[in-house]
Amino acid sequence: MASTYFSANALLEQRRTREASTDPVLVVHLGQREDARELVTFNISNVGAGAALKVQLNVDKPHDEADEDLKRNYLHNIFAPREPFAVLLQGQSIEFNFALGWHLLGQDTSGTVDPNRPLKPLSPFLARISYEDLTGAEYNGEFVIDVRAMRGLGSHKSPQMRIASALETIAKRK
């Protein structure tokens, strides 16, 4: 009886390990572009071990943003409804150019905002994602996105962009 018990447990553990090695795991997060570090991106990344199918993203607009939409200067409206993505492969990401960091964090440099009423940081908002694995099993996730986590990250040029700028300067001199 003990042998049967341990054999059954071993088989269940093997099944869980096999399933975990093929399950997609999607996360929603903010990031920065390597070539334009001042740009905040909105990303869906597959950090799991398998492909995700029928990836549906729904992003709730922050509750206190009704009158400040135009001042944020969103580059891509991530809050708009969209069709599902057919597939997101293992180790891949979908990246949207969201907005410039200072527009999201409340530091407007364009002069279009009333100085007596400066922008506040964008309020946290909810992103919901649903998807399927290759066997048709459904997964759901909810992520609270807070742009204040991006505060303090550098917006300096990457070494590759500094090299490109230096090469452009050299080319102009000739």
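Output ³J(HN,Hα) for the stretch 47-52: one whole-Hz value per residue in order, computed from phi by the Karplus curve 6.51 cos²θ - 1.76 cosθ + 1.60 with θ = phi - 60°, and x for Gly and Pro.
Result, ordered by residue: 9, x, 9, x, 6, 9 Hz.
When all protein chains stay in place, what accessible area (Å², nearest 10, 1.4 Å probe) is found for residue 168?
110
Ignoring ligands, DNA and RNA, what accessible area per residue does the stretch 7-64 give at 1.4 Å, in Å²? Before the final figure, lay out each step's value.
On the way: 3040 Å² over 58 residues.
On a per-residue basis, the stretch 7-64 sits at 52 Å².
How would 29, 103, 63 rank on accessible area, largest to smallest, probe 1.4 Å? Each step should come with its number before you reach the end.
Numbers: 29 65, 103 15, 63 190 Å².
The residues order as 63, 29, 103, largest area first.
At 7 Å along Cα-to-Cβ for each site, give me the label-to-label distance between residue 128 and residue 49 in nm.
The two pseudo-label positions are separated by 3.0 nm.
The values are calculated or read from the model by the stated rules, or taken from the named source; none is laboratory data. Source: prediction; values computed, not measured. In this analysis, Cβ positions are derived from the backbone assuming ideal geometry, glycine residues included, and neighbour counts consider all displayed protein chains. Just the protein is used for accessible areas: all its heavy atoms, side chains included, with ligands, DNA and RNA removed. Shrake-Rupley method; radii C 1.70, N 1.55, O 1.52, S 1.80 Å.
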